[in-house]
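**Q** This is the structure, below, for whatever I ask next.
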Amino acid sequence: GESVGLHLPTLSVQEGDNSIINCAYSNSASDYFIWYKQESGKGPQFIIDIRSNMDKRQGQRVTVLLNKTVKHLSLQIAATQPGDSAVYFCAENPGGGADGLTFGKGTHLIIQP
Amino acid sequence: SQTIHQWPATLVQPVGSPLSLECTVEGTSNPNLYWYRQAAGRGLQLLFYSVGIGQISSEVPQNLSASRPQDRQFILSSKKLLLSDSGFYLCAWMGGVGGYTFGSGTRLTVV
C-alpha cells in the first residue's frame, strides 16, 4: 500500500511564481526522501533528495523541507517555468535497504502563462 | 555511465494473452532491480524487486510474475492478461543520482 500521500492532486500557478508541493508520510522510520518529476509518458526523474538528519536542502530553483515532527515533506520551486509542468511525486525509503521506494499519489503542477 | 533500457514503449494486448516486458541495465554489475506499476491518476506501486540472479521478491499478489535470468536483466511476465493489468510499467535500478534510476516506461493497454 501507499504510506506516502499528497495533499493536493492538482496545483496551478502563474509562470514566474513560486510553487509549493506538499507531502505527508506515515513511516517514522523512513530516513531518506526523494522528490521526482514525471512528464507525460516518461519515467520519473530525480529532482532532489533529503536525509532524515537534515531539515532543508537546496538545489537549483528547488528546495526540499523536511519536518519530522509532523512527518511532512515539501518541495518548493522558485520562479516556475513552463517546463516545470509535470506530476511531482514524493517517495520514501522506509527501510533504507533494497526493498524499494514507497511513492505518494502525485501532484500535477500546471504552469499558467 | 549506467543506463537502463526498457521495452517496448507501448503495447496493446488482448485479454487472456501473455505478456513479457524486458528491462536491462548497462554499466553496472549486480544491481538491485525493481518493477513498478502506475495506474492512471495514481502513484507508483512496487510490484517486484530483485537483489540478484534468480532472486525475486513480490510486494503484492497479482496476475504477474518476474524473473531475473541474468545479472542485468529483469523480466515482467503474465500468462494471461486481465483488463486490470493495464497501466504504465516502470523498471528501476538502485543506483545513480538520487539512489534510484527509472527506465522510460511501458504503456500497456489490455483490450
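Coordinate-derived values only; no laboratory data. Note that the structure is a prediction, hence the values are computed from the model and not measured. Glycine also receives a Cβ, built like all others from the backbone with ideal geometry; neighbour counts cover every protein chain displayed.
**Q** Restricting attention to the range A:36-66, report how many residues are in a strand (DSSP E or B) and touching an Asp or Glu at 6+ places or on another chain (Cβ under 7 Å).
**A** Within the range A:36-66, residues that are in a strand (DSSP E or B) and touching an Asp or Glu at 6+ places or on another chain (Cβ under 7 Å) number 3.
**Q** Can you tell me which residue in the range B:1-60 is farthest from B:ASP71 (Cα to Cα), limited to those that are without any contact (Cβ under 8 Å) to a residue 24 or more places away in the chain and part of a loop (DSSP other than H, G, I, E, B)?
**A** Within the range B:1-60, the match that is farthest from B:ASP71 (Cα to Cα) is B:GLY41.
**Q** Return the total of residues in the range B:93-107 being surrounded by fewer than 19 Cβ atoms within 10 Å (Cβ to Cβ) and closer than 10 Å to B:LEU33 by Cα.
**A** 1
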